[in-house]
Amino acid sequence: MVLRLWLGAAVLVGAFLLVTKDVVSQDRSGLGDERDPVAATQESGEDSEGLVDIWVRHAMPGEHHKLLGKLVGRWDMAVRYRMNAEAPVVESAGSCTRKWILGGRFVLEDFDGGNLGLPFQGLSIYGYDAFTGRYTCVWVDTTSTAVTRSLGTCRDDCALIAFTGQHGDPWSGQMRNSRGVTRLESKDRHVLELYEPDRDGTEFKVLEIIYTRAQQADEE
């Protein structure tokens, strides 16, 4: 299936490059010394096949998606949360399910964090952006009307993913920075820790989630 999609995409890109070259070559009036971009690419040694290779590298799942595959499956969660450094820790039990979508390019998470004072459900999409070289996460939940986005990189031989993000703080009216790590301790356990600055700027742990695999990941 993936090979068939790749071949179809390659044909479309190749056809686009040929049409572009033909259109650009037909009328160069009023463009001065501007060169035909396709011809310039060919002269530089990057032919259309090279351009297709570049497109495939950015459009198809790659090595970094294998790391995301460790998150796929059904998970039981032990959740610990506090609103600020002085607040008591609230604990709950939850669960989440993560599965591959869009041909293995992204992981979709359906999250139920249990009751942390209020029911806490969310959805997220994890990915790896080959253009920026960053892991990505888009998140929405029942505690906000905002969409938040985080960017991350893997460290320690990809035993953990370190990420940073921002979200709106309704009490201050300002954007609030956050950072976190996901430690991949084994194929059946990983831990997320989220840190934010307190009112005085001192960082504290706002959230910790311990994920334990409930059953084998779907091999989609």
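The values are calculated or read from the model by the stated rules, or taken from the named source; none is laboratory data. No experiment lies behind these values; they were computed from the predicted model shown. Positions of Cβ are generated from backbone atoms using ideal geometry, with glycine treated the same way; all protein chains shown enter the neighbour counts.
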Residue that is surrounded by the most Cβ atoms within 10 Å (Cβ to Cβ) [pool: residues in segment 167-201 that are among the polar types (S, T, N, Q), out of contact with any Leu (no Cβ under 9 Å at 6 or more places or on another chain) and within 21 Å of A87 (Cβ to Cβ)]:
N177
Identity of the residue in segment 193-220, β-branched (V, I, T) and modelled with pLDDT under 95, that ends up farthest from R74 (Cα to Cα)
T202
Among the residues of segment 153-206, the number that are in contact with a Ser or Thr (Cβ under 7 Å, 6 or more places away or on another chain), within 30 Å of F131 (Cβ to Cβ) and among the charged types (D, E, K, R) is 2
Every residue in segment 90-143 that is more than 15 Å from V72 (Cβ to Cβ) and of a type in the set (D, E, K, R), please.
E91, D112, D129, R134, D141
State all residues of segment 39-65 that are acidic (D, E) and either modelled with pLDDT under 85 or assigned to a helix (DSSP H, G or I) (or both); if no residue qualifies, say none.
E43, E46, D47, E49, D53
Do you know which residues across segment 71-91 are surrounded by fewer than 18 Cβ atoms within 10 Å (Cβ to Cβ) and in a strand (DSSP E or B)?
R74, D76, A78, R80, V90, E91
